[in-house]
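Notes to accompany the following structure.
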Amino acid sequence: MSRLDLFINRMVSQRACLDHAAALTENIGGPVFELGLGNGRTYHHMCAIMPTRDIWVFERAIASHPDSTPPEDRVMLGDVFETLPQAADRFPDGAALIHADLGGHNAKKNDEFARRVSPFIEPLLAPGGLMVSSDRMYFENLTEIALPPDAVPGRCFIYQK
């Protein structure tokens with residue numbers, strides 16, 4: 001499969017999983033967390049499908065498209081290993097939905113990072129909340145749930161608390 005096909009499958013799956021997760025968490029209170037902003041396409045989509053939600057972005061440095069840049073008061077800047085514990089203190093009831101697309105182009109490094117960051121993400125979810133990730137994660141107390149029909153297996157994952 002070409003890299004273009006892999007990218008398209010990831011984007012189609014990401015959109016399908018976020019749309020599905022937004023519907024499933026509609027009645028769960030709490031903010032939404034976007035871990036990694038990049039150029040902001042996913043954040044922009046999340047704002048469109050969840051217009052009444054407070055969406056917080058976790059990023060090292062903002063470099064997004066101007067139309068996809070969150071307000072400064074909804075950004076937690078810094079290393080995720082520092083900002084995620086701060087979020088746990090700031091949002092003790094947890095997030096309804098967390099999305100992460102933190103990996104790069106090296107599958108082994110992505111997996112190592114997922115193993116390191118999973119314990120920091122798991123306590124941030126509200127009961128019933130969902131985690132959508134482009135990489136397989138390693139949670140002790142979250143359950144992987146079925147993908148929506150239009151998602152490509154292995155290109156996105158959904159976990160529930």
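Laid out as a table, the results:
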{"quantity": "Residue that is nearest to the chain's Cα centre (by Cα), among those in segment 65-87 that are surrounded by 16 or more Cβ atoms within 10 Å (Cβ to Cβ) and over 28 Å from residue 9 (Cα atoms)", "calculated": "84"}
{"quantity": "Residues within segment 55-64 that are of a type outside the set (Lys, Arg), surrounded by 12 or more Cβ atoms within 10 Å (Cβ to Cβ) and under 24 Å from residue 118 (Cβ atoms), tallied", "calculated": "5"}
{"quantity": "Qualifying residue in segment 30-42 (condition: without any contact (Cβ under 8 Å) to a residue 12 or more places away in the chain and within 22 Å of residue 146 (Cβ to Cβ))", "calculated": "no"}
{"quantity": "Set 6, 18: member being closer than 22 Å to residue 118 by Cα and either surrounded by 13 or more Cβ atoms within 10 Å (Cβ to Cβ) or of a type outside the set (Phe, Trp, Tyr) (or both)", "calculated": "18"}
{"quantity": "Filtered residues of segment 127-140 (kept if assigned to a loop (DSSP other than H, G, I, E, B) and touching a Lys or Arg at 6+ places or on another chain (Cβ under 7 Å))", "calculated": "134, 138"}
{"quantity": "Condition met for residue 40 (at positive phi and either in contact with a Ser or Thr (Cβ under 7 Å, 6 or more places away or on another chain) or of a type in the set (D, E, K, R) (or both))", "calculated": "yes"}
{"quantity": "Top-ranked residue of segment 118-161 - restricted to ones that are in contact (Cβ under 8 Å) with a residue 60 or more places away in the chain and β-branched (Val, Ile, Thr), ranked as surrounded by the fewest Cβ atoms within 10 Å (Cβ to Cβ)", "calculated": "152"}
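Table: residues versus (1) at pLDDT 95 or above; (2) within 22 Å of residue 78 (Cβ to Cβ); (3) in contact with a strand residue (DSSP E or B) (Cβ under 8 Å, 6 or more places away or on another chain).
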site	(1), (2), (3)
5	no, no, no
22	yes, no, yes
25	yes, no, yes
30	yes, yes, yes
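The values are calculated or read from the model by the stated rules, or taken from the named source; none is laboratory data. Being a predicted model, the structure only gives us computed values, none of them experimental. In this analysis, Cβ positions are derived from the backbone assuming ideal geometry, glycine residues included, and neighbour counts consider all displayed protein chains.
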